[in-house]
Amino acid sequence: MSDVIRPQPGIMEIALYEGGKAKLEGHAEVLKLSSNENPLGAGPAALDALRALVSGNGGAELHRYPSTDHAGLRAAIAEVHGLDPARVICGVGSDEVIALLCQAYAGPGDEVLYSEYGFLMYKISALAAGATPVIAPEDERHTDVDALLANSTERTRLVFVANPNNPTGTMIPMSEIERLAEGLPEQALLVLDGAYAEYIEEFDGGLALVEARENVVMTRTMSKIYGLGGLRVGWGYGPKSVIDVLNRVRGPFNLSAMQQDIASAALSDQGHVARSRAANAEARRWLTDALREAGVGVDESFGNFVLARFDSPETADTVDGALQADGILVRKMGGYGMPHALRITVGTMPDCRRLATVIARALGSDA
Ligand SMILES: *Cc1c(COP(=O)(O)O)cnc(C)c1O
């Protein structure tokens, strides 16, 4: 390796992201509960839009560059959430919005703060920007506002909080988020990651706080409740000045016409969102109770997954092995510093029953 041709500082500290596995040797079909995907899939409106694109005139439009300002998609987002479309930015998943925030607001010498079990992309994007990731401890797997405030300095530029959080599934009250926004140093921007906000009925994820303050931005995704993880569409909402900055670093053609059209159609179908929310709430309740009955530690989750805690990393490995032998994939949590835990996406009720049976058997608690 050449020692003069080398990447920017920080890049080689990035551990390659490992997605939820999708394949298992010896299983033609797997039950994939490793990436928090919607078990109902994309909704009918999104699928209709996809079909229209390939069968209608849309198929002939592949040679056209897409809209650079995403006006249609931003209007659809603004309508659903009652927002100012001029303050919405769309990205290739919310991952891209997170990356743009780091690229635009944090560099060498700056700190990017998030909590202990925060989403891995915060660290990856901070390092990619040359900034220093800083971790605040959590309180029993809950975001700890006092710890975040205690770890913020004059170098803190970005603070990421997912609420509900992934992988813990826990949530803190909006009053705590408000206290955080109020207490942060003035040069720090608070980023509320609302990837799972739609799973909570009547919850705006903190959009009202974005409206009320100059130092809060929100990220959202179509990958979870909309069942469009494969489409790669997310968005952000913030003060006009911040959105303007992000649009300068965003690639003008970051979203294809297909991404924009399908996402817009999906937004018009709030029935699918409501059905997905209700199905998730029912199956999550059942799964949480079943796992607890089997002696597994499970916090009340507010997302479409639960974090199952076992008595040791060995037990977690044993359970993971039993699940894999049955063709079920869940997420190991070693990368998040929780080797004794498995993150399990809430599937359909039959999926949950099948999973709980395998886990109870593996723990010898099915008698
Ligand atoms: C899944 C998830 C996202 C969404 O990422 P996309 O790039 O939009 O698919 C963002 N934040 C958290 C905490 C997540 O769990």
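Every read-out reported here was derived from the displayed coordinates using simple, explicitly stated rules and does not represent laboratory data. Here the structure is a predicted model, which means the values were calculated and not measured. Glycine also receives a Cβ, built like all others from the backbone with ideal geometry; neighbour counts cover every protein chain displayed.
Extension gain for Asp84-Ala22 works out to 18.5 nm (0.36 nm per residue, less the C-alpha to C-alpha distance). Amide H contacts of Asp193 (H built 1.01 Å from N, in plane; Pro and chain starts excluded): Val161, Ala162, Asn163, Thr219 sit under 5 Å, all sequence-distant by 5 or more or on other chains.
Summing charges over all other residues whose Cβ lies under 14 Å from the Cβ of Gly321, with Lys and Arg as +1 and Asp and Glu as -1, gives -2.
Under the combined filter of DSSP loop state and at most 14 neighbouring Cβ atoms within 10 Å, the stretch 1-100 retains these GluC sites (Glu not before Pro): Glu18, Glu25, Glu29. Sort the stretch 1-153 into rounded, prolate or oblate with this rule: let a ≥ b ≥ c be the square roots of the eigenvalues of the Cα gyration tensor; rounded if a/c is under 1.5, and if a/c is not under 1.5, prolate when a/b is larger than b/c, oblate otherwise. Prolate shape, in that a/c is at least 1.5 and a/b is the bigger ratio. Ordering Tyr17, Phe310, Val159 by the projection of their Cα atoms onto the charge dipole of the chain, which places +1 on the Cβ of Lys and Arg and -1 on the Cβ of Asp and Glu, puts Tyr17 at the extreme positive end. Check the straight Cα-Cα distances from Lys224 and name the aspartates and glutamates below 14 Å, setting aside those fewer than 8 residues away within the same chain. Candidates past the 8-residue exclusion: Glu37, Asp95, Asp193, Glu198.
Of the trypsin sites (Lys or Arg not before Pro) found in the stretch 32-79, the ones in coil according to DSSP and having at most 13 other Cβ atoms within 10 Å of their Cβ are Arg64.
Rounded, prolate or oblate: which fits the stretch 263-344, taking a ≥ b ≥ c as square roots of the Cα gyration tensor eigenvalues, rounded meaning a/c under 1.5, else prolate when a/b beats b/c? Let's see the in-between values first.
Working: a/c = 2.41, a/b = 1.95, b/c = 1.24.
Taking the square roots of the gyration eigenvalues as a ≥ b ≥ c, the stretch 263-344 is prolate.
The slack in the chain from Ser268 to Arg6, taken as 0.36 nm per residue of separation less the alpha-carbon distance, amounts to 89.6 nm. Annotation: for a label point projected 7 angstrom from Cα along Cα→Cβ of Asp289, residues of the stretch 329-358 with backbone N closer than 16 Å are 349-350, 352-354, 356-357. Using a simple spin-label model with pseudo-atoms 7 Å out from Cα toward Cβ, Ala15 and Thr348 lie 3.5 nm apart. Taking 12 Å as the straight-line reach from the Cα of Lys240, the aspartates and glutamates in range (excluding those fewer than 8 positions away in the same chain) are Asp84, Glu211, Glu214.
Restriction of the GluC sites (Glu not before Pro) in the stretch 280-363 to DSSP coil positions whose beta-carbon has at most 16 other beta-carbons within 10 angstrom yields Glu300.
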